[in-house]
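Written out below as structure tokens is the structure these notes cover.
Each reported figure results from applying straightforward, stated rules to the coordinates on display, with no laboratory input. In this text the structure is predicted, and so the values were computed from the model without any measurement. For neighbour counting, all protein chains shown are included, and Cβ atoms are generated from backbone atoms with ideal geometry for every residue, glycine included.
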């Protein structure tokens, strides 16, 4: 090979490199095309995506997927209608349900409790909020009668009694409603009743009564407000 | 259009080729726009199609090239295909004229045909060569760089040997002219 030929070869190689580099630089400077394929980490995913693409592009598949979509919409509407029906009926039951009724007795007033069909029983629980100054003095539990009674007391001698128990058939609870006032309320979305019994010079006794399933819960305290009792009740875990 | 090229591939290769197509479609467009005049839009389309057919045919070879060098390799393929396509469709008429036996003999004798490079600096030659149109350089590359015979080039490009001689002669004379006007070393 002559020196001239060698020179020419080098120049041709150089020019070719420069030319190709220019093309590559120019193409890289151009904006990305709209269609860009994603990077698949595994071959399986790539094949799945390819088969999906084929499915979506084929006219038969498109028709089939349209049919499928219509069917899915119909099913969704049916399910939605059923949920609506169920919600309306549950709401109706909630509206009709009265968890107690009072019989006016000449000597006393008796309150009959009815289990709540809309919730589950929770007999044993923990009161996570107790007003300042009260300390636990007594806990009575009877598994046989399915009852629990926790007593708290403060330095002034005020008693806070938290009681839970099973509602017996035709369950009867005695409250002196002739000297008391009944007020409907709610505790954590459960129906509840607030009773204030006036003991004259001895002061008031406040009772908050609510039902979960076939269990009643009762929080009573001397001279306590409805808010305070509700807070105790709502913080029962 | 892509479907034409990927039809014969299996699923995996088809996806690879689709990714390859997306990566290099801009490069092919740049090369075609550089080498084919804008007043020949149909020829540009044909060239693009030729490029992708060639790429699909030599896809396995392309994949075997390391990723760092693949861009240049692919750009080289695209450029060669584009120039070939251009020659097939455009330059054939211009090359119809016959060359004299003397010119052919001079070209055959490489030392004689390249004697004008004797006193030329390599840097000047490089600069002049980069300014030479790519389609003229292609014939020189085939003949001098890849050491293909005129018959082989003619067979590959499906043209007469005279046409190849003519291209080489034109390339050298253009190079000589550029060295004369720009380099100043050529007498």
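Hey, among B:18, B:60, which residue is in a helix (DSSP H, G or I), without any contact (Cβ under 8 Å) to a residue 24 or more places away in the chain and buried (at least 19 other Cβ atoms within 10 Å of the Cβ)? Walk me through how you get there before you give the answer.
Working: B:60 fails: buried (at least 19 other Cβ atoms within 10 Å of the Cβ).
Only one candidate passes the filter, namely B:18.
Does residue A:152 fit the bill of being free of Cβ contacts under 8 Å to residues at least 24 places away in the same chain and buried (at least 16 other Cβ atoms within 10 Å of the Cβ)?
Working: free of Cβ contacts under 8 Å to residues at least 24 places away in the same chain: yes; buried (at least 16 other Cβ atoms within 10 Å of the Cβ): yes.
Taking the combined requirement at face value, the residue satisfies it.
Just checking, does the stretch A:208-215 include any residue being over 19 Å from residue A:115 (Cα atoms) and either surrounded by fewer than 16 Cβ atoms within 10 Å (Cβ to Cβ) or touching a residue at least 40 places away in the same chain (Cβ under 8 Å) (or both)?
Checking the stretch A:208-215: not a single residue is over 19 Å from residue A:115 (Cα atoms) and either surrounded by fewer than 16 Cβ atoms within 10 Å (Cβ to Cβ) or touching a residue at least 40 places away in the same chain (Cβ under 8 Å) (or both).
Would you check if residue B:73 is part of a helix (DSSP H, G or I), closer than 18 Å to residue A:17 by Cα and within 10 Å of another protein chain (Cβ to nearest Cβ)?
Details: part of a helix (DSSP H, G or I): yes; closer than 18 Å to residue A:17 by Cα: yes; within 10 Å of another protein chain (Cβ to nearest Cβ): yes.
Against the criterion (part of a helix (DSSP H, G or I), closer than 18 Å to residue A:17 by Cα and within 10 Å of another protein chain (Cβ to nearest Cβ)), residue B:73 qualifies.
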